[in-house]
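Heads up, the thing below is written out as structure tokens.
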Amino acid sequence: MDFSLKYAQERDSADPLKEFRSAFHIPPHGNNGSCIYFTGNSLGLQPKKAKEYILEELEDWAALGVEGHTQARRPWMPYHENFTQTLAQLTGAKSSEVVAMGTLTANLHFLLVSFYRPSTHKRKIVCEAKAFPSDQYALKSQIAFHGGNPETDLIELHPRPGEHCLRTEDIIETLQARQDEIALVMLSGVNYYTGQLFDMAKITSAAKKLGLVVGWDIAHAMGNVPLQLHDWGVDFAAWCSYKYLNGGPGCVSGIFVHERYHKQNDLPRFAGWWGHDKENRFAMPDTFVPIASAEAWQHSNPPILGMTALLASLELFEKAGIENLRIKGLELHAYLRFVINEISQRTGVPMQIITPENEQAHGCQVSLVLPSNGKALFDAITEKGVIADWREPDVIRMAPVPLYNSFEDIYTFGHILEKAIEKTVNRHV
Ligand SMILES: *Cc1c(COP(=O)(O)O)cnc(C)c1O
């Protein structure tokens with residue numbers, strides 16, 4: 001690898017996925033062209049087709065009113081079914097195991113109603129220390145709701161002293177040592193802060209061998225890394241669609257429920273009419289009969305305008321293929337690491353990447369710990385058009401994503417970073 005514009009442009013011209021960038025709106029930066037957008041892990045960019053698709057729904061609503069439920073170009077009643085096939089591909093699920101619905105944190109609560117079943121002794125939940133706060137709040141409030149003590153019933157997994165990421169063997173050891181107390185294991189597929197991709201297959205398998213229920217929050221894994229939730233034997237999972245999936249702000253989430261639960265009609269659940277058997281839903285019977293699929297967890301008729309943009313993005317995922325996206329994602333990640341290390345050496349400013357280097361243990365994201373006046377450096381690169389994500393106290397998260405980021409983006413970022421260091425850091429050392 002080489003830190004030069006020529007090298008980056010050569011990589012881009014050899015990239016088999018290069019044409020996908022033009023399918024997105026890249027936000028401008030002043031008058032100097034596009035910004036360097038590295039926050040597809042927070043809010044994915046807008047596919048150009050999204051507007052057209054949303055306008056079509058508005059037109060159909062104007063022209064058809066309530067008839068749109070059955071007569072719209074994409075009829076609204078079964079609208080969520082438009083997403084099922086691609087979501088199943090992206091999660092490695094059977095199509096009966098996934099559904100686009102709701103919002104992520106609410107979905108986690110609904111899934112926990114079914115899958116967190118504490119008994120007097122087996123009542124603890126295992127999660128990562130420093131999990132995404134919403135997950136932490138959800139888990140603690142579920143424990144409290146069931147009469148438990150959130151301070152003692154949540155087992156938080158901490159990295160070893162001096163380390164930033166969890167080791168698979170340490171996670172499994174905790175599960176084995178404390179299996180008699182544990183009711184549920186719920187981790188994130190990719191940790192939002194460090195960018196660590198967990199060995200979901202191995203951890204799920206170990207937990208299932210111990211008879212534990214396993215759920216994954218795949219908010220940062222979905223559309224980022226290929227998944228095999230069915231084959232891994234995962235019990236349930238949920239994600240959001242506005243990060244790597246580019247569904248737009250607050251876009252509808254999705255859930256996975258393994259088929260082993262689809263006929264367990266005695267599973268506790270908070271039911272709604274959209275989860276009821278489609279054959280006689282509109283006969284409005286008194287008794288709830290769950291659909292024999294993940295759709296049973298639905299509550300309401302789908303929010304069409306809130307989902308439509310996702311169609312435009314999933315078409316691109318379908319065309320590109322998640323396996324191809326993974327290859328380019330790893331290449332971009334590797335180049336970004338290379339450029340950061342190069343700048344660190346050239347400038348003599350230490351920069352520590354806390355995301356694991358092993359390809360099996362990361363997705364697109366690179367999490368970088370900056371030197372002591374890191375915020376000034378972050379502000380300086382932001383001013384030059386780098387859109388990255390600052391997390392207190394000293395971490396920048398950057399995700400070059402294969403659908404629309406380029407090697408040149410990474411080169412340009414490196415160039416901006418080097419200049420910014422000369423201005424902000426070296427002055428103080
Ligand atoms: C992004 C993210 C969320 C956000 O939750 P919403 O309910 O969509 O606001 C929750 N958990 C994790 C792990 C996330 O990465």
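FYI, it's all coordinate maths here, none of it is from the lab. Model, not experiment: these values are computed from the prediction. Here Cβ is always computed from backbone atoms with ideal geometry, including for glycine, and neighbour counts include all displayed protein chains.
At a glance:
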item: Which listed pairs, of K375/K423; K18/K319; K6/K319, have C-alpha distances above 20 Å, in listed order; result: K6/K319
item: Under-5 Å amide H pairs with H25, H placed in peptide plane, nonlocal only; result: Q46, K48
item: Translational diffusion of the chain, µm² s⁻¹ [Kirkwood Rh, Cα pairs; Stokes-Einstein; 25 °C; 0.890 mPa s]; result: 107 µm²/s
item: Built amide H within the under 5 Å cut-off of L157, gap 5+; result: C127, E128, A129
item: N32 paired with R160, simple spin-label distance in nm, labels 7 Å along Cα-to-beta-carbon; result: 4.3 nm
item: Beta bridge orientation in the range 172-261: antiparallel %, DSSP, nearest 5; result: 40 percent
item: Between helix 104-115 and the chain: long-axis angle, C-alpha atoms, 0 to 90°, nearest 10; result: 50 degrees
item: Neighbour-count order for S34, S114, S22, fewest beta carbons within 10 angstrom listed first; result: S22, S34, S114
item: Ellipticity estimate at 222 nm from DSSP helix runs (n ≥ 4, -39,500 (n - 2.57)) divided over the chain, nearest 500; result: -12000 deg cm²/dmol
item: From phi via Karplus (6.51, -1.76, 1.60), per-residue ³J(HN,Hα) for the range 376-391 in Hz, x at Gly/Pro; result: 5, 5, 4, 4, 5, 6, 4, 4, 8, x, 8, 9, 10, 10, 9, 10
item: Translational diffusion of the range 309-429, µm² s⁻¹ [Kirkwood Rh, Cα pairs; Stokes-Einstein; 20 °C; 1.002 mPa s]; result: 141 µm²/s
item: Beta bridge orientation in the range 54-318: antiparallel %, DSSP, nearest 5; result: 40 percent
item: Neighbour net charge for D217 - beta-carbon separation under 15 angstrom, K R +1, D E -1; result: -1
item: Highest-fluctuation residue, K124, K49, K328 considered, GNM on the chain with Cα pairs under 10 Å; result: K49
item: The range 254-325-the range 40-99 distance, computed between alpha-carbon centres (Å); result: 13 Å
item: Environment charge at H25 (Cβ cut-off 14 Å; Lys +1, Arg +1, Asp -1, Glu -1); result: +3
item: Long-range amide H partners of G254 with built H, under 5 Å; result: M101, W239
item: Nearest-ten-degree value, helix 133-145 long axis tilted from longest Cα axis of the chain; result: 30 degrees
